[in-house]
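Asker: Mind looking over this structure? Questions follow.
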Amino acid sequence: MAKRNRLIRATTRPPGRRIEEPIFWHCSKTNRKSEEEGTITDTLPFLFSLNDLDVDSALDPETVKSLERVVSRHTFRIPRYYLDLIDCANPLCPIKGQAIPSVAEDAEGGSEDPLAEEGISLTPILLRRHSDRCVFLVSSECAMYCRFCNRRRFAGKSVDPEPYLEESYAVIEEDDSIREVILSGGDPFMLKAAKLRSILERLRSMEKRLIIRISTRVPVVCPAILSVDHVKAIEAVSPVWVVIHINHPREITDRSLAAIDSIRRAGGIPVSQTVLLRNINDCPHVLLRLFESLVEAGVKPYYLFQLDDVRGASHFKVRLERGREIMAFLRANASGLAVPQYALDIPGGLGKIPVDSEHVRYREGTTMVELISPSGEIGHYDNNAPESTCMKCGICGKTGNWVIGRG
């Protein structure tokens, strides 16, 4: 039998080894004693190295060289938990596509900073595009480096936010027009629980009553990172809005649901955001399943985002017309609670707009579309993308049987 071509080594997770020790901040190989086995070297909860990927003899040298070039430009990190969700037998596995480097990332085009965030910094870790809210980059680490991330320029470049915290607190406190603070990064839940709690309590102690939002992928890609103390940090300053980034029904597992439930019980208000991704979730049936499952779990689908035009991710792009078709299907078939807003961040930092006829103008003979910002400025988006194809996942009931994973 011919050797099956796959990127992931079968040996990345030792059989029978539980890897629920989630804590990145002391993520190192440690020795512990066992009466039966002697000294055991625990397995790291993340994969960091190209050596953990199997580039076998079925790949030609040029492809191998391209993959090495991709990883040198855009590094990767994958939680072993998320790795276990990958169906290696499926070349279109939606989990694999989000996490594993691809030679398609070597394509030219796109921007390193598609939202022009470098020009809106109040401090090195505080961004402000809108007058009433700011983005507070409290962590420089993510549990996983998603292959389509619009901040992938920061991946693997750890920066300590600590020296800039007091300066940022002062800006937030002194500007009465700032009413909402969005904790992002990186992922705030990658911080030690005590540090996250101190940041949340400092914000909550300000004289004005701030809306606090946490943007996270942790409950989806590595739910065990969310410790009891992280949950207590939310409880101490509730209400806190928790925006959970989730893209596919296969990411919903017993563990992710338990993490979300703990957030809700602590006074966190969970909503979701999803990025529309070609060959991952650009199917109305897939997104209907995802959004209805989230509502059942007590999570309101908040945003469905058009992919930002970031360098190395153009193979994920979906045409705007396809996104609008999907939204029409959702409005016709889903509960209103399960219908998010379909939105696009205008390249160059002109703001976020709904993808509708009022804000999007198609031009004859070109793939470039005009986008009208909230302030009336005109931006442009390249709508050039291949047609969407069926991923044969079986969710629609026509191509096989498939159920939500319960890992």
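Asker: In the range 293-397, what trypsin sites (Lys or Arg not before Pro) fall in a loop by DSSP, with at most 14 other Cβ atoms inside 10 Å?
Answerer: 363, 392
Asker: Using amide H atoms built 1.01 Å from N in the peptide plane, name the residues 5+ places from residue 46, or on other chains, whose amide H lies under 5 Å from its own.
Answerer: 80
Asker: Looking at the range 275-371, which GluC sites (Glu not before Pro) are in a loop (DSSP not H, G, I, E or B) and have at most 15 other Cβ atoms within 10 Å?
Answerer: 358, 364
Asker: Any idea how far apart residue 177 and residue 84 come out in nm if each label point goes 7 Å out from Cα toward Cβ?
Answerer: It works out to 4.9 nm between the two label points.
Asker: Ordered by residue, what ³J(HN,Hα) values in Hz, to whole numbers, does the range 306-312 give under the Karplus form 6.51 cos²θ - 1.76 cosθ + 1.60, where θ = phi - 60° and Gly and Pro are x?
Answerer: Values, residue by residue: 5, 4, 6, 7, 8, 4, x Hz.
Asker: Ranked from highest to lowest mean number of other Cβ atoms within 10 Å per residue, what is the order of the peptides 271-280, 252-261?
Answerer: Descending packing order for the listed peptides: 271-280, 252-261.
Asker: Using alpha carbon centroids, what distance separates the range 166-221 and the range 225-261, in Å?
Answerer: Taking the Cα centre of each part, the range 166-221 and the range 225-261 sit 16 Å apart.
Asker: Report the net charge of residues surrounding residue 384, where surrounding means a beta-carbon distance below 11 angstrom and charges are Lys +1, Arg +1, Asp -1, Glu -1.
Answerer: Cβ neighbours under 11 Å give a net charge of 0.
Asker: Grab the beta carbon distance between residue 71 and residue 324, set R0 = 45 Å, and tell me the FRET efficiency rounded to 0.05.
Answerer: It comes to 0.80.
Asker: Could you work out how far the C-alpha centroid of the range 69-114 sits from that of the range 340-379, in angstrom?
Answerer: Rounded to whole Å, the Cα centres lie 28 Å apart.
Asker: Would you grab the residues whose amide H sits under 5 Å from the one on residue 242? Only those 5+ places off in sequence or on another chain, please, with H modelled 1.01 Å from N.
Answerer: 214, 269, 271
Readers should treat all values here as calculations from the given coordinates under stated rules, not as data from a laboratory. Note that this is a predicted model, so its numbers are computed, not measured. No Cβ is skipped: glycine too gets one built from the backbone with ideal geometry, and neighbour counts run over all protein chains shown.
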